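So the structure is just underneath, and the comments pick up after that.
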Amino acid sequence: MTTTGPAGAATQASEQALAKPCGYSESGAFAWYNHCTTDGSRIQIRLDAVGGFDTNRCVDPGETRLGWAFEYRNAWYTGRLCSS
């Protein structure tokens with residue numbers, strides 16, 4: 001059954017939010033960060049790089065592909081918000 005309209009969009013958004021766990025994960029060959037929120041906030045995360053320097057990045061709500069999984073060991077919320 002296919003649902004259309006606002007209810008369908010909300011269901012699709014809920015399914016996407018459940019696709020990956022909140023925080024850092026690896027799927028296939030890629031590293032991801034899933035910012036699970038209901039307030040629409042952008043947050044700063046710290047990327048733990050395998051080779052090179054660790055960096056900070058701002059991410060929007062939902063899933064963000066960080067890059068190749070072999071490039072990162074982890075990522076976490078720094079406690080800081082980013083401006084829109």
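The values are calculated or read from the model by the stated rules, or taken from the named source; none is laboratory data. Just so it is clear, the structure is predicted and the values come from calculations on it, not from any experiment. Here Cβ is always computed from backbone atoms with ideal geometry, including for glycine, and neighbour counts include all displayed protein chains. Areas reflect the complete protein model, heavy atoms only, side chains present, ligands, DNA and RNA absent. Shrake-Rupley method; radii C 1.70, N 1.55, O 1.52, S 1.80 Å.
Taking the condition of being modelled with pLDDT under 95 and out of contact with any helix residue (DSSP H, G or I) (no Cβ under 8 Å at 6 or more places or on another chain), how many residues in region 40-52 meet it?
2
Look through G62, G51 and report the one residue that is open to solvent by 50 Å² or more (accessible area, probe 1.4 Å) and small (G, A, S).
Unique residue meeting the criteria: G51.
Within region 4-39, which residues are of a type in the set (A, V, I, L, M), surrounded by 12 or more Cβ atoms within 10 Å (Cβ to Cβ) and at pLDDT 95 or above?
The one that is of a type in the set (A, V, I, L, M), surrounded by 12 or more Cβ atoms within 10 Å (Cβ to Cβ) and at pLDDT 95 or above: A31.
From the list F53, F70, which one is part of a loop (DSSP other than H, G, I, E, B) and more than 15 Å from C82 (Cα to Cα)?
Only one candidate qualifies: F53.
Does any residue in region 31-42 that is touching a residue at least 40 places away in the same chain (Cβ under 8 Å) and farther than 14 Å from C58 by Cα come within less than 8 Å, Cβ to Cβ, of a residue that is in a strand (DSSP E or B) and of a type outside the set (S, T, Y) six or more places away or on a different chain, and which pairs are these?
Sorted first by the residue in region 31-42, then by its partner, the pairs are A31/R65; A31/L66; A31/G67; A31/W68; A31/A75.
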